[in-house]
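The values are calculated or read from the model by the stated rules, or taken from the named source; none is laboratory data. Given the structure is predicted, the values throughout are model-derived calculations rather than measurements. Cβ: placed from backbone, ideal geometry, glycine included. Neighbour counts: every protein chain shown.
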Amino acid sequence: MIIASRKSIPDIKKMLDGYNKILVVGCGTCVTVCYAGGDKEAAIVASGLRIMRKLEDKPAEVEFTTIKRQCEWEFIEELAGKVDNVDAIVSMACGAGIQALGERFKSKPVFPGVDTEFIGIPQEQGHWVEKCAACGDCILDKTGDICPVTLCSKSMINAPCGNASPDGKCELDENKDCAWVLIYERMKVQMKLEKLKEILNSKDWSKSKDGGVRELVREDMKL
Amino acid sequence: MNPVSNLAKTLTEGKLVLTTRLSFPPDVNVEDIRKKARLFKDYTAVIAGEENSTDLNISSLALAIIFKEEGIEPILQINSRDKNRIAIQKEILTAICLGVNNIFTLSGIHPYTDKNLGTKTVYDLEPINMVAVMKKIRDERKLPDGKDENLNADIFIGIEDNPLAEPINAMPLFLDKKIRAGADFILTYPIFDIQKFKNYVDKIKILCSLDEINLIATIYIANSIEDIDNLKKSYPGVSIPQSILDNIENIDISENSGIEIAFGISESLKKFNCVKGFNLLSNNNFDSMIELSKKILDSNKYS
């Protein structure tokens, strides 16, 4: 899922100077699960903004609501009636959701309530780890289901850099595992070490962000 | 094919290779570069080093040209961290055009290891991919995109390797991969642990012939624990056994024990068929390096 972290209420408040009718919109999918922008966080932000504005003698009407997914038009449409009377929207969704609201409600400024961090999974309660760089050219079949593009800080796809600590941690951060130590251990368990002998060609980054704005067109799915 | 450099020729003839690595901060006086480089005039080649960490040095290619002007054969260093494949290919072709034919690649220390520069990292081609690019340029005389430039590209291709890194049991496999990708010579991290190195070589034997491997083993002269700390800044993954650390801690510098320890390591390493030479490093202790190289050459003469 997409992992995000909520911006601080003072930072969100700064964006809203001069706006007096505000709608905070939570998103019911990824950001709910990672406690960044679901209904609960939308309520906290709305309440915090109301209090801070009141303390400054600039009271604002701040409401909140949550839709299932801010990245899909059918759910965004549910907001149609609610945004008419506001002069600004705070989206608690990831960057995709924030921009989708902006595209649907062009006359209303939409402000980000979260910082979108990465595609990842929870390691334990309250701790999320990046797993996929969305490079568009998956090689997980060759590296024991562990992604060196994402989990090696240098994106080394053929061999380790040689700077892991004796306990197998990355040179960059003693709390992070060296991806190549993980890959080796996984391949060993699966008895597929031979597979690591293959020299992988240099990656084609055109399929990643480096190739410009990405789009996916599926003719078979078009109506 | 005639050897493209003195380094290539020395290795082909089976003679002992001696190299070192020099790098300089941006505020260095050019005369100082020339003076220091001349100390190593008798070495097979000298690595024109750039920063391994993020403390800026003058560029490897500029340094290589100064070495050449001093009659010293340079080894260009290209770091996968700072340049994308366009910049790397340009660097390779420019180096060859200027008569710098030894090129070795490494990944470099991650820019966020010691400070937050807010920079965008590159890591486009990793070192093994860079080796493959150089091999293509050299053997097929064309760029990787297939564009036939009829390139004149005599390159002696090198790559960095830490034989004693984690995952240590897989390192022989990765060395074999580097050689199959096209590396003509391998420049190792500083070696201190002979027993571990022996285990490593035993595993390599299963994968490839030791005689065909041109391993240049780095030997680091340490006269104090401070020297070791300094080494770790550039080589965080270096493996040093406690017994060596204890010896270094007890060194009386006036007795030059650092040189003796380093010489002992070189004597042990030269018994391995794959070790074709030594890359001598120190914490700016140039006199020690010269003395060590004399001892190594003397010992080589009589062995």
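Of all the criteria given as (1) modelled with pLDDT under 95; (2) at negative phi, the one not satisfied by B:Glu166 is (1).
Quick grid of which residues meet (1) over 23 Å from B:Ala181 (Cβ atoms); (2) at the interface with another protein chain (Cβ under 8 Å from one of its Cβ atoms); (3) of a type in the set (Gly, Ala, Ser); (4) exposed (fewer than 14 other Cβ atoms within 10 Å of the Cβ):
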residue	(1), (2), (3), (4)
A:Pro166	yes, yes, no, yes
A:Asp173	yes, no, no, yes
A:Val181	no, yes, no, no
A:Glu185	yes, yes, no, no
A:Val189	yes, no, no, yes
A:Glu198	no, no, no, yes
A:Lys209	yes, no, no, yes
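Taking segment A:41-152 as the region of interest, the strands (runs of 3 or more DSSP E) fully inside it that hold 2 or more residues being exposed (fewer than 15 other Cβ atoms within 10 Å of the Cβ) are A:114-124, A:127-132. Checking each residue in segment B:107-147 for being under 25 Å from B:Leu175 (Cβ atoms), away from chain A (no Cβ under 11 Å) and in contact with a Leu (Cβ under 8 Å, 6 or more places away or on another chain) picks out only B:Ile137. Restricting the first member to segment B:1-16 and to residues that are modelled with pLDDT of 95 or more, and the second to residues that are assigned to a helix (DSSP H, G or I) and among the polar types (S, T, N, Q), the beta-carbon pairs closer than 6 Å and six or more apart or on different chains are B:Leu16/B:Asn300. Within segment A:146-164, the residues that satisfy the criterion of being within 25 Å of the chain's Cα centre (by Cα) and within 8 Å of another protein chain (Cβ to nearest Cβ) are A:Ser153, A:Lys154, A:Ser155, A:Met156, A:Ile157.
Out of B:Ser224, B:Ser243, report the one residue that is small (Gly, Ala, Ser) and either more than 30 Å from B:Ile206 (Cα to Cα) or under 20 Å from the mean Cα position of the chain (by Cα) (or both).
Working: B:Ser243 fails: either more than 30 Å from B:Ile206 (Cα to Cα) or under 20 Å from the mean Cα position of the chain (by Cα) (or both).
Exactly one residue qualifies, and that residue is B:Ser224.
Taking the residues in segment A:168-188 that are out of contact with any Asp or Glu (no Cβ under 8 Å at 6 or more places or on another chain) and part of a loop (DSSP other than H, G, I, E, B) as candidates, determine which candidate is nearest to B:Pro111 (Cα to Cα). This residue is A:Leu172.
Yes/no matrix, rows are residues, columns are (1) more than 18 Å from A:Gly162 (Cβ to Cβ); (2) out of contact with any Gly (no Cβ under 7 Å at 6 or more places or on another chain); (3) at pLDDT 95 or above:
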| residue | (1), (2), (3) |
| --- | --- |
| B:Asp211 | yes, yes, no |
| B:Leu215 | no, yes, yes |
| B:Tyr235 | no, yes, no |
| B:Ser239 | no, yes, no |
| B:Leu245 | yes, yes, no |
| B:Phe263 | yes, yes, yes |
| B:Ile296 | yes, yes, yes |
| B:Ser303 | yes, yes, no |
